[in-house]
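This report refers to the structure that appears directly beneath it.
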Amino acid sequence: MSEDGLDPVIHAPARLRLMVTLAALPDGDTLSFTRLQDMIGLTPGNLITHLRKLEGAGYVQTDKTGSGVNALTTVALTHNGRTALDRYTVALRQLLDTAEPARQD
Amino acid sequence: MNEGTGMKDNAGTDEAGGLDAQGAAAIMQEARERAQRELTIRRPLIFASWALVYLIGYGVIWLSVRGQHPYQAPQGWTIALVVVLAAMAFAVTAGVTDRATSGVGGTTALRRRIYGLSLALGVLGVYLMEAALRHAGASLGVIGVLGASGPLLVAGVVLVAGTAAWLNWYMFGLGCWLIVVAASSGFAGPAGAWAVDALAIGVPFLVAAGVSAAWQRS
């Protein structure tokens, strides 16, 4: 955790977008790699790099089925990932709340 | 994960450097709104297309049978019109649903498939029952009431039962309304049932299309 309480694994623009997008799905749902790429607007290489980082922290889970042209990779937010995003959101809100009065002074 | 070509890119540089709290909040809001917009099924089109099936299709059938004493059956071309309108409504429903749910897998997709299958089997069962009743000597009037309202009753029961999986109370309310209309329209007689169904389903569906369009815009 960084000094400001924001999880550094999530606190990067692309990974933040990824986490929020995956959190929009109900629990137990997955999103295909290609749809996720289309929604986030990253290159495949970029997306893989960020997903590996999130997967390493246990925040997302990827599964691959089939092979060759029938290969399908799906991505889902894990329970830990949802909890981590909730924690991140709370920390961010606290930061914004404390910054607001300071700006008004 | 093997999508892509393993190309070198600047992913490693996309870290928190320069991302302040306001920036992070803006990214979260934009991503949340985009996900909601893209993953939500646009119901106004679905409601409107089915409203046409009832208002035009059932309405035309009623116009063709209202003068029949005793009741015979709808003319072939009016049944064909309903089939064409229903096929178009199915196509719109499938297209709109596919646009939102493309690439989405897991529990929700499985529920949706089971839900669609239940509806299709139920409606098919109604038409088979119509044939069975005819075979058993039921009058054309009885067949007419079942043909007009049977599919609505099935759709209503599937919607109400589907609430157990989706916990969507609008769906529950709509299902209850379909059951009430289907169960009571037969009292208007075999010809009148088509008119009652046309108005009692078509008009609320049209209203629902407008309301959900306004709700999705807000």
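At a glance:
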read-out: From phi via Karplus (6.51, -1.76, 1.60), per-residue ³J(HN,Hα) for the range B:120-129 in Hz, x at Gly/Pro; value: 4, 5, x, 5, 4, x, 4, 5, 5, 5
read-out: ³J(HN,Hα) computed for each position of the range B:76-82 - Karplus, 6.51 cos²θ - 1.76 cosθ + 1.60, integer Hz, glycine/proline x; value: x, 5, 6, 5, 4, 4, 4
read-out: Ranked order, A:Ser67, B:Ser184, B:Ser218 - accessible area, probe 1.4 Å, largest first; value: B:Ser218, A:Ser67, B:Ser184
read-out: Dimensions in Å of chain B - Rg and Dmax from alpha carbons; value: 23.1, 81
read-out: Long-range HN-HN contacts of B:Gly105 with modeled amide H, under 5 Å; value: A:Thr30, A:Leu31, A:Ser32
read-out: Cα-based radius of gyration of the range A:13-100 once divided by 2.2 N^0.38 Å, which approximates compact folds; value: 1.18
read-out: Rg/Rh (Cα only; Kirkwood hydrodynamic radius) as it applies to the range B:18-131; value: 1.21
read-out: Most mobile of B:Glu30, B:Glu130, B:Glu38 in a GNM of chain B (Cα contacts under 10 Å); value: B:Glu30
read-out: Volume of the Cα convex hull of the protein assembly as shown, divided per residue and given in Å³; value: 161
read-out: Area hidden from solvent between B and A (accessible, protein heavy atoms only, 1.4 Å, total, Å²); value: 3300
read-out: Other-chain or far-sequence residues with amide H under 5 Å of B:Ser139's (modelled H); value: none
read-out: Cα-based helix-to-principal-axis angle, B:169-185 vs chain B, degrees rounded to 10; value: 10
read-out: The range B:158-167 - phi-based ³J(HN,Hα) in whole Hz, Karplus 6.51/-1.76/1.60, Gly and Pro as x; value: 5, 5, 5, 5, x, 4, 4, 8, 8, 6
read-out: Amide H within-cut-off set for A:Ala24, under 5 Å, with H built and near neighbours excluded; value: none
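The values are calculated or read from the model by the stated rules, or taken from the named source; none is laboratory data. Keep in mind the model is a prediction, meaning the values are calculated, not measured. Surface areas here come from the heavy atoms of the whole protein model, side chains and all, with no ligands, DNA or RNA. Shrake-Rupley method; radii C 1.70, N 1.55, O 1.52, S 1.80 Å.
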